[in-house]
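Read through the structure below, which is laid out as C-alpha cells, and then see the notes.
The values are calculated or read from the model by the stated rules, or taken from the named source; none is laboratory data. Everything numeric in this text was worked out from a predicted model, so none of it was measured. A quick note on method: Cβ atoms are made from the backbone with ideal geometry, for glycine too, and the neighbour counts reach across all protein chains shown.
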Amino acid sequence: MAGGYPRSMLRLLCSLLLLAPAAPALQDTALQGTVLRDTVLRDTARQETAREDADGFPGDLTVSAEVGADELRGHVQALASDAMQGRAMGSEGSHATARYLAARLAAAGFEPGAGEGSFLQRIPLQRLNYSGVPELLVKGKGLEEVLYNGESFTFSSRGAIPGEPRTFKVQVVREESDVPSEANAELALVMTTSAMKSRRWLSDAGHGGGEGFGMIVLPRKAKARERSKPNGSSLGPVAAGGGAAVQLSLRGPWSERFSSGDVQEITLDAKASVEEGEDFNVVGFLKGAGSEGSPELADEIVVLSAHRDHIGVSSRIQRGDAEADAIMNGADDDASGCAAVMEVAEALAAGERPVRSVVAIFDTGEERGFVGSTYWVANPTHPIDRVVCALNFEMLGRPDPLVGGAGNVWLTGDDRSDLGPGLRERGIAVKADLRPGMSFFTRSDNVPFARAGIVAQTLSTYGEHTDYHQPSDEWQTLDYQHMETAVRVCLEAARALVNEPWRPAWNEGEPRL
Ligand SMILES: [Zn+2]
C-alpha cells in the first residue's frame, strides 16, 4: 500500500490512535482510553469520512455482544494499516496498537489487568548500537592478542552486553563432569563439544542454557572471514530467554587454541552502546462470578491471547526498490487474532458475568521468539496457578481449504490434550490441525504457557497462503464473512471453558516441547 496513502488520512489516523503522548503517559491507559474515545466522539463527521476511506478507518468503535464481520474488519484495518508500520516490537506503531487495544478493552468492560490501574504491562527492551568492530583481547601463557569480530569470532547477547569492556576467566569444559556445579558470572566456559551436546551438558548440570555464566564459548569449524561491525541490533528483551549473558562462536584457528587451554582470560569490548526501549503486553481482566455451589470457580482463570506485533518494515525490500511496498502489515498475522480476541472479549463481557475469570492478553514480540508471552508467564499479572487453560488465536482471517474452507477452525496440538475432543463433545466444531509436519503447535504464544504446564493451544484457520510474512498481508486480503463464522466458533469454545466446571488436561507425556 506504499505510495497511495492519503496524507490527510494519515494525519487523522495519527490523531486518533497515536495521540503523540510522551512514553510515560502510556502508563495511564485508562485515561488514554477515555481520551481516545472522546476524540472519536467529538469528531463524528471526520470519523464518517474515515469510514468511507478504507485506509483511514479508525478501527471498530462499537461494543456489542455479537461477533460481526464489520467489527472484525474495523479492528484489522486499524492494526494492519500502513500507519502502524508493521508493528515491530518496541516501535511507535506497536505502541499505538497497544493504546488502541487498551481503549477497546476498557470500552468492552474489562478492568485494567496490568496493575496500578493500567492495561499496559511494560517490558523493558534494549538495542545495541555499534560504533566499531568488536574486539576480543585474549591472554594466556606468553600470549596477548586482539581478535576481531567476523574474522575470529562472532557473538550474540541476551541484551546484557554493557557499553564497557568485560573480562572473563576462561575454563575449558572437555567432559560433562567439567561443568561447574555453581554458576559464575565471571567465567567464560569453553565447550569443546558440539553446540547440541553443550546445551545438554549445561542443562543436565542445572544451568539451563548457561544461566548465570558470563559467557559460553563454542568452538566451531567455521572459516575465518573479514573483520566486520555487526549491524545494529533491533530492540530485544533484556536478559530474557535464559542462557549466558554472551554466547561467542570462534572461527578459524582460534577454536583449537581455546580448546587446548592456551587462553586463560578474555576481555570482550563490544564497541557498542546500549539504547533503552520498551513495549507492552496489553492485559485486561474480567472477574468471574462463580457458579451456584462452586463460587471458587470465580478465582479460576481462562487466558485468551493473540500477538499485536508483526515484523515491521522490510529493509531488504527498501534497499532493493525505493518505490516498493516494504511495510509488513500483518493483517492475518496476527491482527486477525487480535480482532478475534477483542470480539470474543466483548461478547463475554456483555450480559451475564462469566463463571470463571478471563484474562485477555494482546502480547508483543511473538515474532521475536514469544517475548511478551514469555514475559507474562515469568511475571504473571494474575495468579498463574489458577489458569485452567490458555487459548491463543493466530491467523484466522482466511479460510483453510484443508479443513473444509470458510468458517472452519482448527486447533494446534489437537492430539496432545483433551481440549479439542472436549469441545467437539460439546458440539463445538473445532477441528484438528492437519499439518503436524509444520509444527504449528510450537510456533506461537501458547508455548511459554505450555512450558509452565498450562493446557495452552492455538486456534487458527491458516491455510498456508503466500502472503505470510510479506508486505501483501494486507487487510483487503482477509475474508471477513469467513472470520465472522470462525470467530463465533472460537467464542463458543471460550464460553465452554469460561462457564463450565470442565478443566482440560494434557494427555500422558504431553506437552513435548
Ligand atoms: Zn503470528
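Counted as qualifying within region 8-115 are the helices (runs of 4 or more DSSP H) with 1 or more residues that are modelled with pLDDT of 85 or more and charged (D, E, K, R), namely 69-79, 92-108. Applying the criterion of being away from the ligand (no atom under 12 Å from the Cβ) and of a type in the set (Ser, Thr, Tyr) to the residues of region 365-400, the residue that is surrounded by the fewest Cβ atoms within 10 Å (Cβ to Cβ) is THR381.
Among the residues of region 256-281, those that are β-branched (Val, Ile, Thr) and touching a Ser or Thr at 6+ places or on another chain (Cβ under 8 Å) comprise ILE266, THR267. Go through the residues of region 485-496 one by one and say whether even a single one is in a loop (DSSP other than H, G, I, E, B) and out of contact with any Asp or Glu (no Cβ under 6 Å at 6 or more places or on another chain). No, every residue in region 485-496 fails to be in a loop (DSSP other than H, G, I, E, B) and out of contact with any Asp or Glu (no Cβ under 6 Å at 6 or more places or on another chain).
Would you mind stating whether VAL498 is within 16 Å of PHE393 (Cβ to Cβ) and within 15 Å of the ligand (Cβ to nearest atom)? Spelling it out, it is not the case that VAL498 is within 16 Å of PHE393 (Cβ to Cβ) and within 15 Å of the ligand (Cβ to nearest atom).
Using the structure shown, decide if ARG386 is assigned by TED's automatic domain parsing to the domain that holds ARG495, in contact with a helix residue (DSSP H, G or I) (Cβ under 7 Å, 6 or more places away or on another chain) and of a type in the set (Lys, Arg).
Working: assigned by TED's automatic domain parsing to the domain that holds ARG495: yes; in contact with a helix residue (DSSP H, G or I) (Cβ under 7 Å, 6 or more places away or on another chain): yes; of a type in the set (Lys, Arg): yes.
Yes.
Checking SER291, SER249, SER260 one by one, the residue that is more than 19 Å from the chain's Cα centre (by Cα) and outside the structural domain of LEU147 (by TED's automatic domain parsing) is SER291 and no other. Counted as qualifying within region 259-341 are the strands (runs of 3 or more DSSP E) with 1 or more residues that are within 16 Å of the ligand (Cβ to nearest atom), namely 272-286, 301-307.
The residue pairs whose first member lies in region 429-445 and is within 18 Å of HIS307 (Cα to Cα), whose second member is more than 13 Å from the ligand (Cβ to nearest atom) and small (Gly, Ala, Ser), and whose beta carbons are closer than 7 Å, counting only pairs six or more residues apart or on different chains, are PHE441/GLY413.
For region 424-451, which positions are of a type outside the set (A, V, I, L, M, F, W, C) and within 16 Å of the ligand (Cβ to nearest atom)?
Looking only at region 424-451, we keep the residues that are of a type outside the set (A, V, I, L, M, F, W, C), and these are 424-427, 431, 433, 435-437, 439, 442-446, 448, 451.
Within region 424-451, ASP433, ARG435, SER439, THR442, ARG443, SER444, ASP445, ASN446, PRO448 meet the criteria.
Here GLN171 clears all of (1) at pLDDT below 95; (2) assigned to a strand (DSSP E or B); (3) of a type in the set (S, T, N, Q) except the condition numbered (1).
Of everything in region 237-266 that's closer than 18 Å to LEU128 by Cα and at pLDDT 85 or above, which residue is surrounded by the fewest Cβ atoms within 10 Å (Cβ to Cβ)? Among those that are closer than 18 Å to LEU128 by Cα and at pLDDT 85 or above, it is GLN247.
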